[in-house]
1. Say whether the condition of being acidic (Asp, Glu) and at pLDDT below 80 is met by at least one residue in the stretch 140-158.
2. Looking only at the stretch 112-125, decide whether some residue is assigned by TED's automatic domain parsing to the domain that holds Leu264 and either surrounded by fewer than 14 Cβ atoms within 10 Å (Cβ to Cβ) or over 23 Å from Ile233 (Cβ atoms) (or both).
3. Regarding the stretch 25-43, can at least one residue be identified that is under 46 Å from the mean Cα position of the chain (by Cα), closer than 30 Å to Asp141 by Cβ and either surrounded by 15 or more Cβ atoms within 10 Å (Cβ to Cβ) or without any contact (Cβ under 8 Å) to a residue 40 or more places away in the chain (or both)?
4. So which of Glu210, Glu186 ends up being farther than 30 Å from Asp144 by Cα, assigned by TED's automatic domain parsing to the domain that holds Asp104, at pLDDT below 85 and touching a Ser or Thr at 6+ places or on another chain (Cβ under 6 Å)?
5. Only one of (1) in contact (Cβ under 8 Å) with a residue 12 or more places away in the chain; (2) under 44 Å from the mean Cα position of the chain (by Cα) fails for Leu239. Which number is that?
6. When you scan the stretch 28-76, how many residues do you find that are among the polar types (S, T, N, Q) and touching a Gly at 6+ places or on another chain (Cβ under 9 Å)?
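The values are calculated or read from the model by the stated rules, or taken from the named source; none is laboratory data. The structure presented is a predicted model; accordingly, all values stated were derived computationally and were not measured. Quick reminder, even Gly has a Cβ in these numbers, built from the backbone with ideal geometry, and neighbours come from all protein chains shown.
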Amino acid sequence: MPTKEPRSLSDQLRERAVRAQLSYAVFRWESAVTLAATLILAVLFRDPFRGGLPFWRWWFWIVLGIIAEALIVMTSVYDPDVRERVVSEMLHRKFNPNEIAAVDYRQKIIKALEYREQMEILLQHTRDGALRTHLEATVGDVSDWLSNMFILARRLDHYRGSEVLHRDSNAIPDEIEELERRLSQETDAQVTAQLEQTIDNKRALLVQLEHLDNTMERAELQLDDTLSAMGTIYAQMQLIGAKDIDSGRAQRLREDIADQVGSLYDLVQAMDEVYHSSATSIG
């Protein structure tokens, strides 16, 4: 059997948003009032017209209550303000800035979330049609972009907080110098061979740690560039009109986002490879 392709983050968010909107509609206070009123009327006012309407039946109240509840649900599902609130809450739960200890990285994720929320507002206030379809796809791409950005920020945060890696980076040059001093004074062949092997291992680890440090420095710069690019994309989204959909301008916008997503993904993969390799060497 063919394997089922994993759903994108934007698809997951869309499904969760619909479920959350339905849940919100069912549990909002208007629904509770409608349910209570329907039960009271059906039980205590079975014949409110006292025979004036011969066709009236007590269960008409139930039907009217169901119709009223259906209207509440429909207005909630199609209310752009409700969807904006629901999506915002979902994004903040999935990409919780409080999970990042470093203030500067946390602030960047908060700013990125604000851009994504403003894009959602722009989408929800766009009429159905080609433009809305394009914006919906673009906002979905930005969700994947935000996901990679959040992963990148967490990796950087973990690296900054790793005392072991920073301690070894600072200590290894002195250790190598001490081992070389001992090597210059050693006369025993076996000890000399062991010292040389240890020095080679220390030097290899130092190169690995320097490579890791350079990768993390590049990641920090990429995080800044990504946040700036997201702001630029948001500004461009505001300028795109229906006439631009077929002009290639809208397609270039999505291509720019795809390039950003791909660059972030590649960088995260490189960070993981270098980080785990360094951690294994230390261990």
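1. Here is the first cut: in the stretch 140-158, the ones acidic (Asp, Glu) are 141, 144, 157.
So of that shortlist, the ones also at pLDDT below 80 come out as none.
So far as the stretch 140-158 goes, no, none of its residues is acidic (Asp, Glu) and at pLDDT below 80.
2. First, pick out the residues of the stretch 112-125 that are assigned by TED's automatic domain parsing to the domain that holds Leu264: 112-125.
Narrowing further to those that are either surrounded by fewer than 14 Cβ atoms within 10 Å (Cβ to Cβ) or over 23 Å from Ile233 (Cβ atoms) (or both): 125.
Checking the stretch 112-125: at least one residue is assigned by TED's automatic domain parsing to the domain that holds Leu264 and either surrounded by fewer than 14 Cβ atoms within 10 Å (Cβ to Cβ) or over 23 Å from Ile233 (Cβ atoms) (or both).
3. Keep residues of the stretch 25-43 that are under 46 Å from the mean Cα position of the chain (by Cα), which gives 25-40.
Within this subset, residues satisfying the condition of being closer than 30 Å to Asp141 by Cβ are 25.
Checking which are either surrounded by 15 or more Cβ atoms within 10 Å (Cβ to Cβ) or without any contact (Cβ under 8 Å) to a residue 40 or more places away in the chain (or both) leaves us with 25.
Scanning the stretch 25-43, I find at least one residue that is under 46 Å from the mean Cα position of the chain (by Cα), closer than 30 Å to Asp141 by Cβ and either surrounded by 15 or more Cβ atoms within 10 Å (Cβ to Cβ) or without any contact (Cβ under 8 Å) to a residue 40 or more places away in the chain (or both), so the answer is yes.
4. On the way: Glu210 fails: touching a Ser or Thr at 6+ places or on another chain (Cβ under 6 Å).
Going through Glu210, Glu186 in turn, just one is farther than 30 Å from Asp144 by Cα, assigned by TED's automatic domain parsing to the domain that holds Asp104, at pLDDT below 85 and touching a Ser or Thr at 6+ places or on another chain (Cβ under 6 Å): Glu186.
5. Result: Leu239 passes all but (1).
6. We begin by selecting, within the stretch 28-76, every residue among the polar types (S, T, N, Q); these are 31, 34, 38, 75-76.
Retained after the next criterion (residues that are touching a Gly at 6+ places or on another chain (Cβ under 9 Å)): 34, 38.
Number of matching residues: 2.
Conditions tested, residue by residue: (1) farther than 24 Å from Asp259 by Cβ; (2) hydroxyl-bearing (Ser, Thr, Tyr).
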| site | (1), (2) |
| --- | --- |
| Leu91 | no, no |
| Lys94 | no, no |
| Ile100 | yes, no |
| Ser143 | no, yes |
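Condition check ((1) within 26 Å of the chain's Cα centre (by Cα); (2) hydrophobic (A, V, I, L, M, F, W, C)) across all residues:
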position	(1), (2)
Phe49	no, yes
Pro54	no, no
Thr75	no, no
Glu89	yes, no
Lys94	yes, no
Ile100	yes, yes
Leu113	yes, yes
His125	yes, no
Gly129	no, no
